[in-house]
1. Of the conditions (1) over 24 Å from A467 (Cα atoms); (2) out of contact with any Phe, Trp or Tyr (no Cβ under 6 Å at 6 or more places or on another chain); (3) at pLDDT below 95, P371 satisfies every one except a single condition; which number is it?
2. Quick check on G51: is it at pLDDT below 95 and surrounded by fewer than 19 Cβ atoms within 10 Å (Cβ to Cβ)?
3. Taking the stretch 161-203 as the search range and keeping residues that are among the acidic types (D, E) and under 30 Å from H331 (Cα atoms), which one is surrounded by the most Cβ atoms within 10 Å (Cβ to Cβ)?
4. Pairs please, first residue from the stretch 15-30 and modelled with pLDDT of 95 or more, second anywhere and part of a helix (DSSP H, G or I) and among the acidic types (D, E), Cβ atoms under 8 Å, 6+ apart in sequence or on different chains.
5. I222 fails exactly one of the following numbered conditions: (1) of a type in the set (A, V, I, L, M); (2) more than 24 Å from D340 (Cα to Cα); (3) assigned to a helix (DSSP H, G or I). What is the number of that condition?
6. Does I324 fit the bill of being in contact with a strand residue (DSSP E or B) (Cβ under 8 Å, 6 or more places away or on another chain), among the hydrophobic types (A, V, I, L, M, F, W, C) and in contact (Cβ under 8 Å) with a residue 60 or more places away in the chain?
Amino acid sequence: MGRETLILDGAPLSIEDVVAVARHGRAVQLGDGLVDALAPTRAAVEQAASGDEAVYGINTGFGALSRKRIDSESNRHLQLNLIRSHAAGVGDPLPVETVRAMLLILAASLSRGVSGVRLELVRQIVSLLNHGITPVVPELGSVGASGDLAPLSHAALVLVGEGEAMVEGVVTSGADALAGKGLDPIVLEAKEGLALINGTHLMAAQAALALSDIELVMGAAITAAAMAVDGCLGTDATLDPRIHAVRCQPGQIEVARRMRQLLEGSKIVTSHVDDDPRVQDPYSLRATPQVVGAALDSINAAREVVERELGAVTDNPLVFDGEIRSGGNFHGMPLALSMDSIAVALCTVAGISERRVYWLQAAHDDFNRVPTHLSPEPGLHSGLMITQYTAAACCNELRVLATPACIGNIPTAAGIEDYNSMGATAGLKLRRSVEVAARVIAIELLTMSEALEHHRPLTSGNGVEAAHARIREQVPPLTEDRPPAPDIEAIALMIRNGAFA
């Protein structure tokens, strides 16, 4: 197949793969070798299902009911009942892109050949993706361990012709969604219901999509910080590579390098070297590489965890060389901790951004040489005064969202599942954190682009000026008071579309 088709052959997915399928409708195909990869482990499951020995999830109940034996004749009912009973989610539906990412990661995990499912089941999941059938999945219900049980159950219902699905923007029954695309419901066999729901696939989907967006936000944040150096008449001496090399922190070194690159050729930065009364800039300018670089390092560490998870099998039990072994790969703590850490990192990136906005807008005429609040006529016009209030409100929300989800445990399943990750909650918080942080950065870009107007005819660095020009395509200079909200949203959309990547 062509490059536009993603082949599932057991190899790890990339974050880019997830984004391409979830957001851009990239087609998915099963690899030619999956028949041979899945057949041996499926045979082991079928043998166990008809055997006398109790094997969890195959001929027993689930969770606190795992001591209940199920005869082979009832196994189909067991798997279907599992899906039906666990579809207990509440709240608003997850975004279509999140559900599609979840289905892709589920199919990829099952294709690795240790879950013991049939090829037909993986093919059914892929068919939903390729035919644009997206299960309606409530956002609340997973505790991030023993799998994302409730969300995955809502998705699995559509595979068997139940539940609800979104097709071309219209919600319909799972049965009608399948029939409308010429698909038949699948009948679940031994262990297959459990394999569908006993994994970290929602958490991994949330993390992968968030990281794709965060890369764009971080690019915008570094651009805004470089623009602020000239907007605030700061110095670029603090970006000297020797300063950062001796700190040995890779994120700091990278942020300083990118800021130097953006400011290269600036006429503003050299215009006030001899007459600037400041001995040193405020921390929000001077220590940007240290702060934003630390966040970048934390985000990159989380990215490695997520990338590993995209090559993982998080089902239970698993089949190895004909032996069935139970474990805890469904536990979401690696993802929960990572997503919580990213939320903290975003809080610091937005926080130092807001401080630069405050510094510029405050009455520091002898330092910044711009009107207070960038008002076209201070007093008659308020300028961008309230944008700093908005940034402050956003930062306060980010602090609340940075409270870790993974540190608060609530046992489930009558105590047999006694320590949960709450990773799905971490993912929901992270999605909101990314949106809010992007708006803080948008406010800084709005503010600093306006500041550059007051330093004309002097120009900033080539990279900063290119970013300024892109902003001016959407947002004109401030000549009189107007509502800033549309301008903030326009720049936030530019961030989401990669204008400052």
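1. For P371, the failing item is (1).
2. Values: at pLDDT below 95: yes; surrounded by fewer than 19 Cβ atoms within 10 Å (Cβ to Cβ): yes.
Against the criterion (at pLDDT below 95 and surrounded by fewer than 19 Cβ atoms within 10 Å (Cβ to Cβ)), G51 qualifies.
3. Initially, the stretch 161-203 is screened for residues among the acidic types (D, E), giving 162, 164, 168, 176, 184, 189, 192.
Now drop any that are not under 30 Å from H331 (Cα atoms), which leaves 162, 164, 189, 192.
On the way: E162: 19, E164: 19, E189: 19, E192: 28.
Here the answer is E192.
4. I15/E307; A22/E97; R23/E97; R26/D17
5. Failed condition: (2).
6. Values: in contact with a strand residue (DSSP E or B) (Cβ under 8 Å, 6 or more places away or on another chain): yes; among the hydrophobic types (A, V, I, L, M, F, W, C): yes; in contact (Cβ under 8 Å) with a residue 60 or more places away in the chain: yes.
Criteria met by I324.
Table: residues versus (1) over 27 Å from E309 (Cα atoms); (2) part of a helix (DSSP H, G or I); (3) in contact with a strand residue (DSSP E or B) (Cβ under 8 Å, 6 or more places away or on another chain); (4) at pLDDT 95 or above.
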{"residue": "V55", "(1), (2), (3), (4)": "no, no, yes, no"}
{"residue": "L78", "(1), (2), (3), (4)": "yes, yes, no, no"}
{"residue": "I83", "(1), (2), (3), (4)": "no, yes, no, yes"}
{"residue": "M102", "(1), (2), (3), (4)": "no, yes, no, yes"}
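One line per residue, one yes/no per condition, for (1) in the same structural domain as L194 (by TED's automatic domain parsing); (2) buried (at least 16 other Cβ atoms within 10 Å of the Cβ); (3) more than 24 Å from V167 (Cα to Cα); (4) under 20 Å from the mean Cα position of the chain (by Cα):
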{"residue": "I58", "(1), (2), (3), (4)": "yes, yes, yes, no"}
{"residue": "S74", "(1), (2), (3), (4)": "yes, no, yes, no"}
{"residue": "H77", "(1), (2), (3), (4)": "yes, no, yes, no"}
{"residue": "A108", "(1), (2), (3), (4)": "yes, yes, no, yes"}
{"residue": "V114", "(1), (2), (3), (4)": "yes, yes, yes, no"}
{"residue": "I125", "(1), (2), (3), (4)": "yes, yes, no, no"}
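The values are calculated or read from the model by the stated rules, or taken from the named source; none is laboratory data. As the structure is a prediction and not an experimental result, all values here were calculated from the model. In this analysis, Cβ positions are derived from the backbone assuming ideal geometry, glycine residues included, and neighbour counts consider all displayed protein chains.
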